[in-house]
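See structure below.
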Amino acid sequence: MLGIALALAIGYCFVVGVCFRALSAPAAVAGVTELKLVVDAGHGGIDGGVVGVKTKRKESDVNLSIAYLLKDRLTDAGFSVTMTRTTDQGLYGTTLPGFKRRDLEKRKEICERAAPTFVVSIHQNFYPSSASRGGQVFFEKENPQSKALAESLQKELNVLYEKQGVKPRVAAAGDYYMLKITPPSVIVECGFLSNPKDDELLADGNFCAALAEAIATGVLSEIKNLAAT
């Protein structure tokens, strides 16, 4: 029995080791010895964002849930991860007029102080037509690294959503504050809360875990591309 148990334990460790090596980040990218990322959960506090058409969940809550899942996966892959928001509260300090701008400025401060390789900002989409579905990634059009990361993430989101019968989307340039900060950043619109099917998926823990895995895989893929250049 002891021999069988030992063999099983060795086999388990081997499988885990192979999986971990497959997900681990390269030791260095362009002279960087520590791979750092910022995961930004959009909205928070009195700024709840959009609301699920079926579940009535606030975007801010969905964002935070996915952000934590993403942080765990990136940490397991060897990244040092900073989150801009760790609670359901915003970063504006006070609800006096101008709170949205203060919230964004605080996020920018956190991102630039962390000096990460990339910033991934998590959001949910909403469109007047409930037919729109799937995840879409936005990048800063003047930043090649932002665009490359967005395209890597978009590829993984398309694979995930195609299993749900959703047509692939294309990463797009966006004119958003969080894309204009110093570290290369992207905004990941994980799905459409205006679509009942997407809304239900984004309330499903298993789907959100798969979504976080897809984003982490896209990040790692682009990191490896950088390491190879």
Q.
Yes or no: region 142-160 includes at least one residue that is surrounded by 19 or more Cβ atoms within 10 Å (Cβ to Cβ) and over 23 Å from Thr82 (Cα atoms).
A. yes
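Restricting to region 163-179, name every residue that is in a helix (DSSP H, G or I) and either aliphatic (A, V, I, L, M) or open to solvent by 100 Å² or more (accessible area, probe 1.4 Å) (or both).
As a first pass, look at region 163-179 and keep what is in a helix (DSSP H, G or I): 177-179.
Passing the criteria: Met178, Leu179.
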(Q) So for region 180-195 (the condition being of a type outside the set (Gly, Ala, Ser) and assigned to a helix (DSSP H, G or I)), does at least one residue qualify? (A) no
Q: Go through region 100-139 and count every residue that is open to solvent by 60 Å² or more (accessible area, probe 1.4 Å) and part of a helix (DSSP H, G or I).
A: 9
Q.
Give all pairs with beta carbons closer than 6 Å in which a residue from region 207-224 that is without any contact (Cβ under 8 Å) to a residue 24 or more places away in the chain meets a residue that is hydrophobic (A, V, I, L, M, F, W, C); count only pairs at least 6 apart in sequence or on separate chains.
A. Phe207/Leu201
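The values are calculated or read from the model by the stated rules, or taken from the named source; none is laboratory data. Just so you know, these numbers come straight off a predicted model, no measurement behind them. Methodologically, a virtual Cβ is constructed for each residue, glycine included, from the backbone with ideal geometry; neighbour enumeration extends over all protein chains shown. With ligands, DNA and RNA removed, areas are computed over all heavy atoms of the protein, side chains included. Shrake-Rupley method; radii C 1.70, N 1.55, O 1.52, S 1.80 Å.
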